[in-house]
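The values are calculated or read from the model by the stated rules, or taken from the named source; none is laboratory data. Small disclaimer: the values here were computed from a predicted structure and weren't measured. Here the Cβ positions follow ideal geometry from the backbone for every residue, glycine too, while neighbour counts run over all protein chains shown. Ligands, DNA and RNA are excluded from the accessible area calculation, which covers all protein heavy atoms including side chains. Shrake-Rupley method; radii C 1.70, N 1.55, O 1.52, S 1.80 Å.
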Amino acid sequence: MTLARVNDIVIETPCTVKDFSGATGVGVAVVIKELMKLGMMKTMNQTLDKETIELLIMSFNLKATVKEQATLEEQYVDAVINEADPPESLIPRAPVVTFLGHVDHGKTSLLDRILNLHVVSGEKGGITQHIRTYRIDTPGGAVTFVDTPGHEAFTEMRARGANCTDIAVLVVAADDGVMPQTEEAISHAKAAGVPIIVALNKMDLPGVKRDKVIQELANNDLTPSEWGGDVEIVETSAITGMGVDTLLDTILTVAELSELKANPDRAADGVVLEASLQSGEGVVCKALVQNGTLHNGDVVLCGASYGRVRSMTDTLDPHKRLKEAGPSVPVTLVGLDVAPEAGSRFIVLEDVSVARQIAEERAKRARAIELAGTPSHVTLENLFERMNSAKAQQTLNVIIRADVRGSIEAIRKEMSKLEHPEVKVKILQATVGGITEADVYLADASDAIIAGFNVVPDEGARALAETKKVQIRRYDIIYKLTEDIKAALEGMLRPIEQVKELGRALVQRTFNISRVGVIAGCRVLYGTIERDSQVRVIRDSRVIGEYALDTLRREKDDVKEVREGYECGIKLKNFNDVKEGDILEAYKIEEVARTF
């Protein structure tokens, strides 16, 4: 039965027979009758699956598309996150500044000086163990600070700090220079794509090596402004207070140039930096509002947790309760049902039941993933396979560990030669020393491979790499390392398809065989006709179609090929209109690998 319709129709699933009738205008009885013809007995209130709906659309010759009903995640979460803010609603906001750097280079002490606090004395071993967030008011405006741990065991915390920041302050001790965690912090800041300000700390100590440290920073692609680069270097001392005001002024200047804005008049969203379970209070989260305004009583969804905000306090003064928190304001909030994963994004929804359903769905997915096992990461062997999957990756991320700085420079130089507009290699980090657990964490977070040159992983890194399925490759010859990387990148290039002409055959007679079709009796004029080739049918010097070769026979035998001068029988797949005098032109499409 054919029913022509003018307008396009959208049919949402799940859909009943009655719903289909209402959407298309086809009577319920007519739809049921058509379903009976298709071998399906349905009542008007029974649900139709997507395949059945598509069959009905074809049967009635409808111009219709089938659209699956949006999930709660798509309806609410994606709608909030992707909601565009009108330009007139955006107002300037405070910058979020993260302090990064090596352990014991004075990040927390310097922040202490700015905030007039004494945090260091309360940390175990004088080392920051947790992410801390503070907001202060300065004569030039408010600033939010994030302090991250510097020890190598806290790589993931530094990554979270860098990913939620607007400006990164890299604290480097003038008497120590660039160290492993300094280089790692640089990698995180660059990956976040934020401006970097260097605080050259401990300038009050004897034996400072300012020029040496600046040279080391330049070696890590942080060229100071005094050398014509874009990185501001501020000399500071957490003990004497030297340069602290200059550092604040530089932060505010960079923030002003960045034109940071947000819309305070919308539902809040942001990131949870840390979460814990505390006796008497329940789940306590340190959160940073990035857009909108968070109010007491708001329904918050964060990862697989949800709840109403029961209370909010200032992170600098835990006794100061807040009724609301706008963009760039860090808060300590209470009210979620379970502790969310650190680094999870939170959003505010209107309906607590919707938040609960989405949280439960996320928890189910997380459990399913956990039961399915650890996801595999990229390796040089599986790179091409991953390229052909839906999640094609055009960049190969690499972390390099080498025995000496000279080796790193040589490896960088060789890798810089591997240039191509379609694929590229990105060195996330290149440091001197053995492969550590911190490298594996970074590789796990960024889906990278680790290349070690004349170095080996420690036992902790080796075990963690096996658990995380991160590939560690060891080399002792530079060109072998770069050859492997080059081969992997060339494998990422899409091959070129080339047509290889095989031969031509003249149709001398045709034979119509029942249940088989038309067989063309041919003579090969030149070249060869191969069984797995494609065939162009040429009639009166025009190509009338291209078909696959179904069968190829020489006398009564199936053969792989027939050469020039011999006769053969050819059957084309899905084409029986072969006529005497037609030319059958055989060809193959070959994929040719591309190189640099």
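With Rg and the Kirkwood Rh both taken from Cα atoms, where does Rg over Rh land for the chain?
Result: Rg/Rh = 1.12.
Read phi for every residue in segment 263-272 and hand back ³J(HN,Hα) as whole Hz from Karplus 6.51 cos²θ - 1.76 cosθ + 1.60, θ = phi - 60°, with x for Gly and Pro.
Working through the residues one at a time gives 9, x, 9, 9, 4, 6, 9, x, 9, 8 Hz.
If you line up the long axis of helix 352-372 against the longest principal axis of the chain, both from Cα atoms, how many degrees apart are they, to the nearest 10?
Tilt of helix 352-372: around 70 degrees.
How do Glu530, Glu226 stack up against each other in accessible area, from largest to smallest, with a 1.4 angstrom probe?
Greatest to least solvent exposure: Glu226, Glu530.
When the distances between all Cα atoms of segment 308-373 are binned every 10 Å from zero, what whole-number percent does each bin get?
Calculated P(r), rounded to whole percents: 16, 42, 28, 12, 1.
Pop a pseudo-label 7 angstrom from the Cα along the beta-carbon direction at both Glu350 and Arg473 and give the gap in nm to one decimal.
The answer from the label model is 5.3 nm.
For Glu409 and Thr65, compute 0.36 nm times the residue count separating them, minus their Cα-Cα distance, and round to one decimal in nm.
Full extension from Glu409 to Thr65 adds 118.2 nm.
Cross-link candidates for Lys468: which aspartates and glutamates have Cα within less than 13 Å, leaving aside residues fewer than 8 places away along the same chain?
Counting by Cα, and skipping residues close in sequence, Lys468 has these aspartates and glutamates nearby: Glu370, Glu437, Asp439, Asp444, Asp447.
Which whole-number percent gives the relative contact order of segment 432-521, counting Cα pairs below 8 Å spaced six or more residues apart?
About 21 percent, as a whole number.
Please report the relative contact order for segment 251-317, taking Cα pairs under 8 Å with a sequence separation of at least 6, and give it as a percent rounded to a whole number.
Worked out over segment 251-317, it gives 26 percent.
Could you work out how far helix 478-492 tilts from the main Cα principal axis of the chain, as a 0 to 90 degree angle to the nearest 10?
For helix 478-492, the angle is close to 50 degrees.
In nm, what is the difference between 0.36 nm times the number of residues separating Glu341 and Asn296 and their Cα-Cα distance?
14.0 nm
Order the following by accessible area, largest value first: His102, His420, His319. Probe radius 1.4 Å; ligands, DNA and RNA are ignored.
Reading off the accessible areas and sorting them downward yields His319, His420, His102.
Determine the sum of side-chain charges near Pro195: Lys and Arg each +1, Asp and Glu each -1, restricted to other residues whose C-beta is under 13 angstrom from that of Pro195.
Net of charged neighbours comes to -4.
Return the percentage of antiparallel bridges among DSSP beta bridges fully within the chain, rounded to the nearest 5 %.
Here the share of antiparallel DSSP bridges comes out near 65 percent.
Given Lys18/Lys67; Lys107/Lys413; Lys212/Lys469; Lys33/Lys63; Lys500/Lys579; Lys18/Lys63, which pairs have Cα atoms separated by over 27 Å?
Checking Cα-Cα distances, Lys107/Lys413; Lys212/Lys469 exceed 27 Å.
What angle do you read, to the nearest 10 degrees and between 0 and 90, between the alpha-carbon axis of helix 244-258 and the longest principal axis of the chain?
Once rounded, the angle reads 30 degrees.
State, to one decimal in nm, how far the label point of Asp204 lies from the label point of Arg310, with both points 7 Å from Cα in the Cβ direction.
Distance between the two pseudo-spin positions: 4.4 nm.
Determine the relative contact order of segment 406-559: mean sequence separation of Cα pairs under 8 Å and six or more apart, normalised by residue count, in whole percent.
Averaging sequence separation for qualifying contacts and normalising by length gives 14 percent for segment 406-559.
At a Förster radius of 41 Å, what calculated FRET efficiency corresponds to the Cβ-Cβ distance of Lys424 and Asn512, to the nearest 0.05?
Efficiency, from the Cβ-Cβ distance: 0.10.
For Met40, what accessible surface area do you get with a 1.4 Å probe? Give it in Å², rounded to 10.
Accessible area, nearest 10 Å²: 40 Å².
Compute the signed sum of charges (Lys and Arg +1, Asp and Glu -1) over the other residues within less than 12 Å, Cβ to Cβ, of Val231.
-3
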